[in-house]
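Accompanying notes for the structure given below.
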Amino acid sequence: MASRKDSTSTTTTTAVVSSSGGGTLDSPVRQIQIEGLVVLKIIKHYQEEGQGSEVVQGVLLGLVVEDRLEITNCFPFPQHTEDDADFDEVQYQMEMMRSLRHVNIDHLHVGWYQSTFYGSFVSRALLDSQFSYQHAIEESVVLIYDPIKTSQGSLSLKAYRLTPELMEICKEKDFTPEALKKANIGFEHMFEEVPIVIKNSHLISVLMWELEDKSTVADKHELLNLSSSNHLEKSLQLLMDRVDDMSQDIVKYNTYSRNLSKQTQQKHQYVQRRQQENVQRLSRGEPPLAEEDISKLFKPPQPPPRMDTLLIAGQINNYCHNVKEFTSQNLGKLFMAEALQGHNS
Amino acid sequence: MSVYGPAVKIHPVVLASIGDSYERRNEGAVRVIGTLLGTIEKHSVEITNCFSVPHNESEDEVAVDMEFAKNMYELHKRVSPSEVIIGWYATGFDITEHSVLIHEYYSREATNPIHLTVDTALQSGKMNIRAYVSAQMGVPGKTVGVMFTPLSVKYIYYDTERIGVDLLQRTRVTPSRTKGLTSDLSQVAGSASRVQDMLTTVLTYIEDVLSGKGTADNSVGRFLMDLINKVPTISAEDFETMLNSNINDLLMVTYLSNLTQAQIALNEKLVLL
């Protein structure tokens, strides 16, 4: 039976981590170790079931060893097609885990995986799911698999966790601007990326050798493909949509702050008028008017929730990051093509 | 059902799964068995998934937990409704008498099941992966036996699977059998160096042939001709303009994304004032 060792964070720094990874993490998980089997299963799941729909999801199983999270197996979730999806899900999960325990597979939940479309995964749903996972199991991660980037030549698998600050905020469920200001969360501090390492056991290595021996050398060098405009177009389209959302949100916030300042002004004026009147009345010898409760007269406007803005900003950041990575790769390829042509002409 | 053609196609995830369940077998169990799932087309069988089934085996009897197998199949069917039971697998080199019994169990589930053996004990120095179909033999009416006829095994991949398997192959090289995921330009550099290696091999072969050391092979010569002709001859100015416009596009996009990032960072600061 796989037992979880209690891991205490061993770092001494308290640096806040940015989502670009690297540097010291002050969280209980420093590195993720994935078995080759899990990688293959995730790829296969998307390939077979994910062509039409938005995302495919599944559960990761494994164990925690010191400051490493080892993921040893996974199983996919069926799609949400029927209405009784909720009940089915829990039952499905329970049955799967029970069955897997019979064949000695680690049945410890350590996270979940999701496929993404051009990198658009920062959403409310993801946040909620990851929060509930991380709340229950401290070391859990969400693995994001990008099939489109993978088909361009290199496996794109990233692991994310929520930063402790974001966990605090989610616990309070307090998304007003003041709370966020207190916690000092920027869109860069929402998720932290954990480095991934792939490991294979000896037997699997032998299997791999056998595969290579038997299969033809159909080495598709997709990575060196020069055509990039399609991918760029799509990414930019998504980026533009997000920026539109962002600007709408900003307009909302601006109107809110304008309303707030107008209201404070009104309150101020009201209080002043009251005082003036009172002075006048006193001078005329009449009793002063009672101080009315101002807050009842002027209801403060509802502050808009800032969580959506944070999410949109995080998403835009992610898109930009992906686009830049893509363009840098393409620039390299273009220069290589130039060198090749230079030799010929 | 129709007789299958002589080849069975297997996806790498099946092999990895089998290896993993062998490693996790119970104490005292010599081999592991499980169900194979996949799709059947007109003349070919494709095995895309599998799961292991607990079983007990001793000298005289064998017990397979068929309830478990049925349950697992139902669960798997909910995720991928197009997969059906194709057959079963067992680790180990030979086919024993117990295999015949188990094969009978599976004949009830699927028509003409396929039996796959994976030699995890590496008895012959290599890992032998073989597939069999059962065929009746003997005198009809009297003693009827079952013979396992071998089929050839082919590995097929989806594109993304190919890339995943490539990455896994590279874990064989490092002593700790681990490999981090690289990013950005280092990937392009890796790809370029691989192409370079291939070109070097081809060049050494050509030089051998030219200096008389190696024999000239016509088909290889034809491939080389194709290779050289594939590089398109574009005039220098045309290529310049194409290259420059592409580079300009990419630079513009980089500039825009940097600008956007600066914008949202600024917005953040203003809001949190």
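Odds and ends about this structure:
- Every residue from segment B:19-36 that is within 10 Å of chain A (Cβ to nearest Cβ), under 17 Å from B:V64 (Cα atoms) and crowded, with 19+ Cβ neighbours inside 10 Å: B:S21, B:Y22, B:V32, B:G34
- In segment A:255-309, residue modelled with the highest pLDDT [restricted to those that are more than 30 Å from A:H189 (Cβ to Cβ) and of a type in the set (F, W, Y)]: A:Y270
- Selection count, segment B:193-222, where residues are assigned to a helix (DSSP H, G or I) and either in contact with a Pro (Cβ under 6 Å, 6 or more places away or on another chain) or farther than 28 Å from A:A337 by Cα (or both): 4
Residues checked against (1) surrounded by fewer than 23 Cβ atoms within 10 Å (Cβ to Cβ); (2) part of a helix (DSSP H, G or I); (3) of a type in the set (A, V, I, L, M, F, W, C):
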site	(1), (2), (3)
A:A125	yes, yes, yes
A:D128	yes, yes, no
A:Q134	yes, yes, no
A:E138	yes, no, no
A:I144	yes, no, yes
A:Y160	yes, no, no
A:E165	yes, yes, no
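- Subset of segment A:310-321 that is more than 7 Å from every other protein chain (Cβ to nearest Cβ) and in contact with a Lys or Arg (Cβ under 8 Å, 6 or more places away or on another chain) - its residue that is farthest from A:M246 (Cα to Cα): A:Y319
- Checked against (1) within 14 Å of another protein chain (Cβ to nearest Cβ); (2) modelled with pLDDT under 80, A:E168 passes all but condition (1).
- Qualifying residue in segment A:67-90 (condition: of a type in the set (D, E, K, R), surrounded by fewer than 16 Cβ atoms within 10 Å (Cβ to Cβ) and in contact with a Phe, Trp or Tyr (Cβ under 8 Å, 6 or more places away or on another chain)): yes
- Residues satisfying the stated conditions in segment B:24-66, i.e. assigned to a loop (DSSP other than H, G, I, E, B) and in contact (Cβ under 8 Å) with a residue 60 or more places away in the chain: B:V30, B:R31
- All of B:N248, B:N267, B:N244 fail the test of being under 30 Å from A:L236 (Cβ atoms) and facing another protein chain (nearest Cβ under 9 Å), apart from B:N267.
- Answer residue from segment A:32-50, given it is over 22 Å from the mean Cα position of the chain (by Cα) and over 14 Å from A:I198 (Cβ atoms) and is modelled with the highest pLDDT among those: A:K44
- Filter result for A:V59 (surrounded by fewer than 22 Cβ atoms within 10 Å (Cβ to Cβ), among the aliphatic types (A, V, I, L, M) and modelled with pLDDT under 80): no
- For B:S235: the one exception among (1) at pLDDT 85 or above; (2) within 11 Å of chain A (Cβ to nearest Cβ): (1)
- Of all residues making up segment B:37-67, the number that are surrounded by 22 or more Cβ atoms within 10 Å (Cβ to Cβ) and more than 14 Å from chain A (Cβ to nearest Cβ): 1
- Matching residues, segment A:74-90, being at the interface with chain B (Cβ under 10 Å from one of its Cβ atoms) and at pLDDT 80 or above: A:F75, A:P76, A:F77
- Output for segment B:225-243, where each listed residue is part of a helix (DSSP H, G or I) and surrounded by 13 or more Cβ atoms within 10 Å (Cβ to Cβ): B:F239, B:E240, B:M242, B:L243
- Residue check, A:F117 surrounded by fewer than 16 Cβ atoms within 10 Å (Cβ to Cβ) and not in a helix (DSSP H, G or I): yes
The values are calculated or read from the model by the stated rules, or taken from the named source; none is laboratory data. What you see is a predicted model; the values in this text were computed from it and never measured. A quick note on method: Cβ atoms are made from the backbone with ideal geometry, for glycine too, and the neighbour counts reach across all protein chains shown.
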